[in-house]
Every structure is written in C-alpha cells, then in structure tokens.
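Data first, discussion second: the structure below is written as structure tokens.
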Amino acid sequence: MDVSELAGMVSVGTLLAFTMVAISVLILRYVPPDEVPFPSSLQEIIDSVSLRYSTGCQNVTKEKSGFYAGTSTESNLPLLGKATAIEYPIIVKLQAQGNSVRNEGRRKIAGWTITATCVGAFLLAYAASDLSIPRLLRFIVCGIGGALLLIGLIVLTCIEQDDARHNFGHSGGFICPFVPLLPIVCSLVNIYLLINLGAATWTRVSVWLIVGVLVYTFYGRTHSSLLDAVYVPATHADEIYRSSGES
C-alpha cells in the first residue's frame, strides 16, 4: 500500500473519533440521557437503591402534607397548630411540574442548537475547501455556516448545562474545559481536515463502515451486553456505583 494512502486511512479514523468525542461532550453536558444502563448482576443493588428513593419520597410527601390540631396555648392559630406544620403539596407538585417543563424545553433548545452547530461546521468547512464552487455561492454558504456556528456558540453559552452531567459514576462528570467553545472549534477543525482527505480515502472508509454496519446488524445486536442491561434513572447512578463498589 502506498504510504500516503495508509496515512489517509489512519488520519480519517483518528479525525472521525475526535469529531464524535467533541460532539458527544456537548451532548453529555447539555442533553445527557435520562437513564443509564447497568449490568443485570447489579439487580439487587438497583432494587435496594430504588426502594430507598421511593421510600424517601413518600416520607417527604407525608412531612410536607401533614398538619395537626392544636390549642391556643401552643400557637396563635387556634385549632390549626403551628403555622410551620402547614404545607401545600399541590403547590409543591405544581412547582415540580413547572421545573420539569422548563428543563424539557431547555433540553430541546440545546439539542436543536447542537444539531445546527454541526450543520454549520460542515457547511463552513465544505465551502472553504471546495474551490470548484462559484465564488459568490461559496461566500453565501460560508456566511450561513459561520452564522449557525456563532448562534450555536452564543446559545449554548447562555443555556445552563444539565445537572445530570455529573451522574455518570463519579462526582466530577466528564471533564472538559472551555465548553462549548473547545468542542465546537474541535469539530470545525476536524471536519475541515476530513473533507480535505480526498475521495479515494473516503471510498475505502465507506467500505469499512458498511462492513462494520453488517457485523453490528447480524452479530453485535444479538450478542450485545445491553440486551440484559437494566436501565435506571441517571440521578441514581452515583449511589449504585458506590454501593456496588462497597459490596
């Protein structure tokens, strides 16, 4: 094999991996999965943690919803007891639902913004690389791609990152500085280099990708460890990891 062809194959694999990691960092920070898989061997620990959480929620509901009868000597509010013992579970429930709706809206905005950012990076890199495109069209496509990238950077900078990004087995989360700037710049540079690798390299990579899809379809899916996996809420992941380590 020609050394230049081999270098192209090595480069395209590395750049594809770096690009996927950069995009995955944005996804993990802004729209992490609600549930994470655990092996079925941890079923007992998962059940105990889930029971602990459900029991804790019931206790909190009882504490917040209860009030008792009292006398005027115990409080200035006769027959109602202390004012601090009166809570409004309906209001608490409505507040929780409001927070859930806002979080869902934030996740949708972040998801569409990440998608637009990836499209913008591709358009900008492609227009800057392909000299066969008419000059005016190149400037237009570059402008559209640059605008999408800039808007995506601004929106992701203003949006709060998801709290669940830390719940993946350790308290620090996935460590990456200068988010979202660094992943976006990394994606743009990698896509630009990928486009300039040449058609012959992409032909070989496409063949290998098709082979990989066939292997996954006819073997990987049926032998995957995720077939027997137990999916639990991401908020419980840290405690399950700690419990499994202690046991």
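Pairing each residue of segment 1-28 that is under 28 Å from Gln161 (Cβ atoms) with any residue that is modelled with pLDDT under 90 and among the aromatic types (Phe, Trp, Tyr), provided the two are 6+ apart or on different chains, yields C-beta distances under 7 Å for Val25/Phe174; Leu28/Phe174.
Considering (1) surrounded by 13 or more Cβ atoms within 10 Å (Cβ to Cβ); (2) of a type in the set (Val, Ile, Thr); (3) out of contact with any helix residue (DSSP H, G or I) (no Cβ under 9 Å at 6 or more places or on another chain), say which one Ile27 fails and leave the rest. Tallying (1) surrounded by 13 or more Cβ atoms within 10 Å (Cβ to Cβ); (2) of a type in the set (Val, Ile, Thr); (3) out of contact with any helix residue (DSSP H, G or I) (no Cβ under 9 Å at 6 or more places or on another chain), Ile27 fails exactly one: (3).
Table: residues versus (1) surrounded by fewer than 11 Cβ atoms within 10 Å (Cβ to Cβ); (2) farther than 30 Å from Ser187 by Cα; (3) among the polar types (S, T, N, Q); (4) at pLDDT 80 or above.
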position: Ile23; (1), (2), (3), (4): no, no, no, yes
position: Val31; (1), (2), (3), (4): no, no, no, yes
position: Asn76; (1), (2), (3), (4): yes, yes, yes, no
position: Thr84; (1), (2), (3), (4): yes, yes, yes, no
position: Glu104; (1), (2), (3), (4): yes, no, no, yes
position: Ile114; (1), (2), (3), (4): no, no, no, yes
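The helices (runs of 4 or more DSSP H) located wholly in segment 131-247 that include 1 or more residues which are of a type in the set (A, V, I, L, M), at pLDDT 85 or above and surrounded by 18 or more Cβ atoms within 10 Å (Cβ to Cβ) occupy 135-158, 181-195.
The values are calculated or read from the model by the stated rules, or taken from the named source; none is laboratory data. Values in this document were obtained by computation on a predicted structure and should not be read as measured data. For neighbour counting, all protein chains shown are included, and Cβ atoms are generated from backbone atoms with ideal geometry for every residue, glycine included.
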